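Please treat every number below as a calculation from the coordinates, not as lab data. Source: prediction; values computed, not measured. All Cβ positions, glycine included, derive from the backbone under ideal geometry; neighbour counts span all protein chains shown.
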Amino acid sequence: MKACTVTLGGTRVARAAALLIVLLAAGAAGAQLTIDLEGGMVSSLYNDVRIPGDEGTLFSLTDDIETDAGAFYRVRVAYTFGDRHTVSGLYAPLTLTASGTAPADLDYNGDLFTEGSDLEGTYTFNSYRLTYRYEFTPTGRWSYGLGFTGKIRDAAIKVESDGLTSEKTNVGFVPLLNFRVRYDATDRLAVSLEGDALAAPQGRAEDVMLAVHYDLTDTAELRVGYRFVEGGADNDEVYNFTFLNYALMGVTLRF
């Protein structure tokens, strides 16, 4: 049994983000607080893994074994001040499970899972983000925003079989660009495209949502839409690239 662990206070990051938003709220006149709740179903299009990245066996959590669709939720607290500046903190946990039979001998994280053995896999990808976005002057019914996001990635991939458990965990910081484009078709109905994304030689990450919004009241907005999360890393320690599909429903409450 082997496990590689890295410890970082993800909850402390979330608390710091919340504190920053509270401080901005206290100091900004005419600002607006919003709480956004999102949930739905998530499925994996692909999830390719090799650990260690330069020596392990390449296998798929979706093709070699099967990953079940699962429920998800996200919580975002945001504060807009000066009409143009938005700071937000996001908590987005995610765990998916997989099962199947090893198609060949599998060298994972220094442990050997033999061909034909029953496998159970657990893919965890928890995300904590702090975002600043600047909202540009609207052009007619179009509005635009651009900013940056600091993301803490708290990830783990665990493989189990017949009493043998091997888990690789990874916690790290990821800088991303943030963007938002919104078209207000009517006073109550709108369409938006928004997300965080960035690519670099060592890996990439994209989290993009396309949604339709409808104002239920002056203080509550409902949305339905589609989100995808894609990306991964390729280095000596870890090779993992994943594509996740989300069918979502959310509500934004304005205060």
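Structure notes:
- Test: residue in segment 188-209 that is closer than 21 Å to THR97 by Cβ and among the small types (Gly, Ala, Ser): no
- Pair list, Cβ < 9 Å and 6+ apart or interchain, from segment 150-162 residues that are surrounded by fewer than 18 Cβ atoms within 10 Å (Cβ to Cβ) to residues that are basic (Lys, Arg) and assigned to a strand (DSSP E or B): GLY150/ARG129
- Number of positions in segment 94-130 that are part of a loop (DSSP other than H, G, I, E, B) and either over 29 Å from VAL174 (Cβ atoms) or not hydrophobic (A, V, I, L, M, F, W, C) (or both): 10
- For THR242, the conditions (1) within 20 Å of TYR134 (Cα to Cα); (2) touching a residue at least 60 places away in the same chain (Cβ under 8 Å) are fulfilled apart from (1).
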